Ligand code: TNX
């Protein structure tokens, strides 16, 4: 696949956009928003202040300032959650108001989820919301108790006398916490206290995901993004109940993960990026931090070491790995398909074993992604031999193979998963691999590629798979996309964000939002809830949430966004 250079961004009025949400951002706006984030002026998606202020204290309780207003009704309908829950039974009149006296009650096993809920709700509500082990009247209770909704499911009961969230696992509780957050008005995203009303709508939600694999990919190789940027992406995933973060850690332009046995990979191979900037890489501790932060939010990190192509950065670090033995120059362009590890040399395999062994040891999740795309210089038989040797190395490292669907022709290895990024509904080679036991994660480029422009006029992005606005991202079925691949073989979907032309946190968010929630809903919600008219209305309600949190997004004309109404700061009562 060749890549198309990004045209110059359109010129236009500049100003404090996209945060006022009234027009599409220009490239300059996106840069300005990035600067604000760097200065710690905006908030992270999970509601805590960004950047240097991330660790700042949650506002303390101030009883004089916070009063329950009797008779106030919930302002969000029980079903207005994204992704839409599997089952919603509203109970009008059974709303639950949060007050200064509201306690979050959690047994020790549910404590982490309770703390997360309190952390999400305290800044905007200004309520103390203490987390207690002892049961309390009128509490929000979180309990690990199996409601029979599967490993990620949860049940939420909201009554006037208390709220109860139950799930069989901490992940289920985590998803329920995200639902609770969305049932409060948009102001809940504010990093500082604002007016509510902080009232949860009455009724019962029973919810569980359609697919077990719901992911997004961030390419940190073409442009490098630091740990804080990655954590913020995790926040966006968790909010919409996505559970896998695929990190594209290596490519021609950069090697981004420290490998102790081959230290020059990062020292030399991590030193630049597209456009010639300084690049960067994750130390082992950086990577552990990402993995831990993601795990706390029930997101599994899937590391990708792209092999045998997309390896120029590795070859610049260790010229002896280069097929012709000649150390190549660092690459800062956007072409693909020119570099490769030699499938006919033993050194290639000891290198791969060292790297995959170290990355596996740092990764608690089950998958190692071995890439496999666009190895244009490697003949098909040599390529298949290479994959046949690398797959067992992954198994020896205790992991399951994930790879781009180009690895399909290779021998089946137990559990292996193909990530389909094609744009055609028919792929006999993939269908054959599935018959031999492979399963599939769907990433069709014309639906899920978050690096594609929304429209030809978008200021950022590729266009080789066409423009993808929200409806195009939403209106398809992951289980029905590929002919001759049965629904049972489809583990789910993942949305890749390649970053040849994405250079900042603001640009990441502009590309993610609002397509990420569209894809998240495809991954989570039952097929029979699929309804563009209802979806676009629920999606529209996310706009004020992003604006309140200081998160930029594409104001797609396909979505009936409300007129921007960022809540005013609360005026303390005298
Ligand atoms: C194809 S999708 C690629 C990447 C590019 C992307 C740009 C895939 C497995 N390979 O190398 O970054 O297109 O959209």
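The values are calculated or read from the model by the stated rules, or taken from the named source; none is laboratory data. From a predicted model like this one, the values you see are computed outputs, not experimental measurements. A quick note on method: Cβ atoms are made from the backbone with ideal geometry, for glycine too, and the neighbour counts reach across all protein chains shown.
With the structure loaded, tell me whether residue 280 is under 23 Å from residue 418 (Cα atoms), surrounded by fewer than 23 Cβ atoms within 10 Å (Cβ to Cβ) and either modelled with pLDDT of 95 or more or away from the ligand (no atom under 16 Å from the Cβ) (or both) or whether it fails that test. No. Restricting 162, 153, 172, 148 to residues that are surrounded by fewer than 19 Cβ atoms within 10 Å (Cβ to Cβ) and in contact with a strand residue (DSSP E or B) (Cβ under 7 Å, 6 or more places away or on another chain) narrows the list to 162. Is it the case that the stretch 284-293 has a residue that's surrounded by 24 or more Cβ atoms within 10 Å (Cβ to Cβ) and either more than 30 Å from the chain's Cα centre (by Cα) or more than 26 Å from residue 462 (Cβ to Cβ) (or both)? Within the stretch 284-293, none of the residues are surrounded by 24 or more Cβ atoms within 10 Å (Cβ to Cβ) and either more than 30 Å from the chain's Cα centre (by Cα) or more than 26 Å from residue 462 (Cβ to Cβ) (or both).
Residues that are touching a strand residue (DSSP E or B) at 6+ places or on another chain (Cβ under 6 Å), crowded, with 22+ Cβ neighbours inside 10 Å and modelled with pLDDT of 95 or more are absent from the stretch 225-232.
Screening residue 381 against (1) away from the ligand (no atom under 16 Å from the Cβ); (2) touching a residue at least 12 places away in the same chain (Cβ under 8 Å); (3) not in a loop (DSSP other than H, G, I, E, B) leaves a single unmet condition, (2). Residues in the stretch 525-538: is at least one in contact with a helix residue (DSSP H, G or I) (Cβ under 9 Å, 6 or more places away or on another chain) and within 14 Å of the ligand (Cβ to nearest atom)? No: the stretch 525-538 contains no residue that is in contact with a helix residue (DSSP H, G or I) (Cβ under 9 Å, 6 or more places away or on another chain) and within 14 Å of the ligand (Cβ to nearest atom). From the list 324, 344, the lone residue that is surrounded by fewer than 18 Cβ atoms within 10 Å (Cβ to Cβ), more than 16 Å from the ligand (Cβ to nearest atom) and under 20 Å from residue 370 (Cα atoms) is 344. Checking the structure you have, find out if any residue of the stretch 296-318 is closer than 30 Å to residue 168 by Cα, in contact (Cβ under 8 Å) with a residue 12 or more places away in the chain and within 16 Å of the ligand (Cβ to nearest atom). Yes, the conditions are met somewhere in the stretch 296-318. Which of the residues spanning the stretch 384-426 are away from the ligand (no atom under 16 Å from the Cβ) and under 18 Å from residue 448 (Cα atoms)? Selection gives 425, 426.
Only a single criterion out of (1) within 22 Å of residue 400 (Cα to Cα); (2) under 32 Å from the mean Cα position of the chain (by Cα) is not satisfied by residue 350, namely (2).
If the condition is being in contact (Cβ under 8 Å) with a residue 40 or more places away in the chain, assigned to a helix (DSSP H, G or I) and over 20 Å from the mean Cα position of the chain (by Cα), then the stretch 504-535 contributes 527, 529, 532, 534.
One line per residue, one yes/no per condition, for (1) under 30 Å from residue 509 (Cα atoms); (2) modelled with pLDDT of 95 or more; (3) in contact with a strand residue (DSSP E or B) (Cβ under 8 Å, 6 or more places away or on another chain):
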{"position": "58", "(1), (2), (3)": "yes, no, no"}
{"position": "66", "(1), (2), (3)": "no, no, no"}
{"position": "90", "(1), (2), (3)": "no, yes, yes"}
{"position": "118", "(1), (2), (3)": "yes, yes, yes"}
{"position": "129", "(1), (2), (3)": "no, yes, yes"}
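As a summary of the residue check, residue 389 satisfies the conditions (1) without any contact (Cβ under 8 Å) to a residue 60 or more places away in the chain; (2) within 27 Å of the chain's Cα centre (by Cα) except for the one numbered (2). Within the option set 255, 198, being within 16 Å of the ligand (Cβ to nearest atom), farther than 26 Å from residue 444 by Cβ and in contact (Cβ under 8 Å) with a residue 24 or more places away in the chain holds for one residue only, 255.
Figure legend. Inter-residue proximity from the stretch 274-292: first residues free of Cβ contacts under 8 Å to residues at least 40 places away in the same chain, second residues in a loop (DSSP other than H, G, I, E, B), beta-carbon distance below 6 Å, spacing 6+ or different chains. Indicated pairs: 283/258. Yes or no: the stretch 485-494 includes at least one residue that is within 16 Å of the ligand (Cβ to nearest atom), touching a strand residue (DSSP E or B) at 6+ places or on another chain (Cβ under 8 Å), touching a residue at least 12 places away in the same chain (Cβ under 8 Å) and closer than 30 Å to residue 275 by Cα. Yes, the conditions are met somewhere in the stretch 485-494. When the stretch 441-474 is limited to residues that are in contact with a helix residue (DSSP H, G or I) (Cβ under 6 Å, 6 or more places away or on another chain) and part of a loop (DSSP other than H, G, I, E, B), the one that is nearest to the ligand (Cβ to nearest atom) turns out to be 465. Considering only the stretch 416-430, I want to know if a residue exists there that is assigned to a helix (DSSP H, G or I) and closer than 19 Å to residue 246 by Cβ. Within the stretch 416-430, one or more residues are assigned to a helix (DSSP H, G or I) and closer than 19 Å to residue 246 by Cβ.
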